[in-house]
Amino acid sequence: MTRPIPLRKRLLVRLLITSVLIAICSVAATAWLAVETTTRAIQEEQGQVLTEDMDILRQLSGYAATHRDWSGVGKTVRALSDRTGRRIALTAPDRTPIADSETRKTALPPRAAAAVDPLHTDTFTEPGAQRTGIDPRAVGPFRLPSAERERVRLLAEKRRACFSNNGVETDITQLPSGRSVLTDEEGTVDGGQVPTPCADGVLNTPTATEEKALAELNTYAGDCLKRVGGKFPSIFAATLDITNRAMPTRYLGLKGQTGIDTTGDQNKQAQECVDRARRQQLEPYVAPAAELFLGRGDSTVPHFDMSAANKAKVTGVAGLVLALTVAVTVLVATRLVRPLRALTHAAQQPPEQHVRVPVTTQDETGILAVAFNDLADRRERMEAQRKAMVADIAHELRTPLTNIRGWLEVTRDGVVDPDPELLASLHDEAVVLQRVIDDLQDLAAADAGTLRLHREPVRADELLEQVVAAHRVAAEAAGVRLHTAVTASKGSHGSDATPWLDADPVRMRQALGNLVSNAIRHTPADGTITLSCCHHDDEVVFEVADTGSGIAPEDLPSVFERFWRAEKSRSRRTGGSGLGLSIVRQLVTAHGGTVTVTSELGTGSVFTLRLPDAR
C-alpha cells in the first residue's frame, strides 16, 4: 500500500498555489499600472484645470480693472463658463451674489477659488501667476484719449524709424493706457540702449492727461511723503517709470540727484506712499473686490476619488479575479490530475491483471496513457512468451528424458537386451538433450551480456567454405545442393580484395550453421541453398538463400522468437527446438551486426547478416 501524498506536494495544490501567486502578481501589477496611469492623468488634468482657472481669474481681473462696477460682468461669466465647462460665480466678500453661470439655485463651493482685486493682485504681467501689486490694466485717469493716442503713436513711429536708421530694430507696442512704446526682441522698452540721435525725450514726455493724473497722484502722496522725510521734488513725473506699461508703477528713488538727500529706507517708504496713493487714485475707476467661486464641470474635472465605495469596488474586483483564478485552476487541475490518478491506480494493481487506462485526451497526459497501455501490452506479451518458453523448455527436455528413462526401465526389467543398437539410441537422445541445454545456455549468456567472443580477423570466403563443409553430408542426405558465392571488392590498386571481418570464427560458424541447418530442414529434395558474401558500405553482408517452402508473411515478425516453428506440429527431431534462429540473432547482435529475413511462400527464404568490416 502506497503512502498518502502530503498536501503540500500534491499536484493540484501546487497548481493552485502557482495560479494564485500569478493572479496576485497580475492584480498588483494591474493596480499599480492603473494607479500610475490615473495619477498621471489626474495630474495632467489638474494642470489643465489650473491653467483654465488662472485664465478665468485673469480675464475677470482685467474686467474689474477696466470697469467701475460689476454690472455687466454676467455676459463675460457665461461666455467663460460655456468655453471651459465650469461653473463660475462672483460674490461680494460677504457672499452677496454678483454673477453666476449656474441658473439653478445650488450651493457654492465651501471656499472661494481666488479673490478678484486688481488693486492688490497682478494677473497680467506674468501669465499663469498671481503677483502682489496693481494690475497694469487698471489705468484709471492715465487712459489717453484718442487724440493723444494718435499723437503718441506718430511719435513712436518717428522714433522707431530713428532706431532703425541707427541699426536697432524695434516694434511698437500699445500699452493698456493707450500709450505707444518701442520694444526690442527681448521686450525691453525703448530697445534697451537708446541711440544718441534718438534720445530727444519727446516720446516719453507726459501728455496733458498724464500730467493731470500725475498732479492728482502728487496730491494723494504729498502728506505721506512729508511724513517720510527727505527732500523730494514737488512734481516727480521724472522719477516715476511712466513708460513702463503706461502708468507709474514704481518709485525709482532720487539718490544721486542734485540737491536731493534720501536713504534706502526712505526710498522704500516713499514707494509705499506712492502705491497707497495710486490705489486711492484708481479705486473709483475699478470694480470693487469680489470672491471667485469655481465649480466642477462634467468633463474637465477629474472624478477619481478613492472613497470607501471605490476602495470596496477595487477590493471586490480583486477578490473576484482571485476567485475566478482559483475556480479555473481547480477545474483545469482536476482535468489534469484525473488521468494521472487513473495511471497511478492502474500501476498499483497486481501485474498479472495487466490493467489498461482509458485515453481521454490528446495532450501529454494522453500520450503517457498510450505509452502505459503499450507497456502493459508488451508486458502481457512477454509474460505469455515466458510461460510459453517454460512450457517449450519442459517439452523439449521431457521428450529425450522420457525416451532415455523408458529404455533404461525396460532394460532393467530384462525386457530388452542392452545391445549396441539400444545404446546408440540412448546416446542420440542424450546428444539431443545436450544440444537443447547448450542452446539455452548460449541464450542465457547472451541475455546476461556474458557471452564471450574471441575475436580475430576472419576471411569471409574461408568462413563460408567451413560452414558448407560441415553441412555437406546432411545436405546430400536430404538431396539438397549447397553453393557459395563470394563477391570481392576492388582494392586501391585495382586488385580484388576479399571481405574480412573481426569476429569469433566459432560463433560465426555456429550462426551460419544454424541458418544452413534450418534451410536444409525446410528445403525439399533437389532444392538449392546458396551462401553468398559481399562487401557493401563498410559492411560485410552474408546471405543464406534457399528454395524451400518459405514463411508466411504473418509469421515473419516471430521468426527470431524462441521456440517458434513455422509448422507447429513438427517435432523436435523434424522441426528443431525453435532456438536456432534466436541464437543467430543474439550472436550477430553480439558482433555489432543485424540479421533480417525476407521470404515468400512456395519460393524460399533469404536470411541476411550485416557485420562491420574489419578494414
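What to note about this one:
- Carbon plus sulfur fraction of accessible area for the stretch 52-100, probe 1.4 Å, in percent: 49 percent
- The distance between label points at A474 and R14 comes to 5.9 nm (points 7 Å beyond Cα on the Cα→Cβ vector).
- Using a probe of 1.4 Å on the protein chains alone, the accessible area found for D419 is around 60 Å².
- In straight-distance terms, cross-link reach from K387 covers every one of the aspartates and glutamates whose alpha-carbon lies under 15 Å from its own, apart from those fewer than eight places away in the same chain; here that gives E352, E396, E561.
- Accessible area in the full protein assembly, largest first, 1.4 Å probe, for V35, V228: V35, V228
- Cα-projected label distance for E150 with V321, points at 7 Å along beta-carbon direction, nm: 7.4 nm
- For the stretch 462-556: relative contact order, % (alpha-carbon pairs under 8 angstrom, 6 or more apart): 32 percent
- Hits among aspartates and glutamates - C-alpha to C-alpha of K313 under 20 Å, sequence gap 8 or more where chains match: E36, D305
- In Å², nearest 10: area of S425 left accessible to a 1.4 Å probe: 40 Å²
- When all protein chains stay in place and ligands, DNA and RNA are ignored, the 1.4 Å accessible-area order of L108, L343, L33, largest first, is L33, L108, L343.
- Considering only alpha-carbon pairs that sit under 8 angstrom and 6 or more positions apart, the relative contact order computed for the stretch 112-203 is 20 percent.
- Working from Cα pairs under 8 Å separated by at least six residues, relative contact order for the stretch 117-164 is 26 percent.
- Accessible area (Å², per residue) of the stretch 42-115, counting only protein heavy atoms and a probe of 1.4 Å: 59 Å²
- By accessible area with a 1.4 Å probe, ligands and nucleic acids excluded, highest first: order of W500, W70: W500, W70
- Residue-normalised accessible area of the stretch 399-551, expressed per residue, 1.4 Å probe, Å²: 55 Å²
- Unit charges at the beta carbon, dipole of the stretch 114-195: most positive-side option, T173, A138, L154: L154
- Rolling a 1.4 angstrom probe over the protein heavy atoms with all chains in place gives the stretch 119-158 an accessible area of 52 Å² per residue.
- Heavy atoms of H454 accessible to a 1.4 Å probe, total area in Å² rounded to 10: 130 Å²
- For the pair E383 and R68, the difference between a 0.36 nm per residue extended length and the Cα-Cα distance amounts to 101.8 nm.
- Heavy-atom accessible surface of the stretch 429-562: percent carbon and sulfur, 1.4 Å: 50 percent
The values are calculated or read from the model by the stated rules, or taken from the named source; none is laboratory data. Note that the structure is a prediction, hence the values are computed from the model and not measured. So basically every Cβ, Gly included, is an ideal-geometry build from the backbone, and we count neighbours across all protein chains shown. Just the protein is used for accessible areas: all its heavy atoms, side chains included, with ligands, DNA and RNA removed. Shrake-Rupley method; radii C 1.70, N 1.55, O 1.52, S 1.80 Å.
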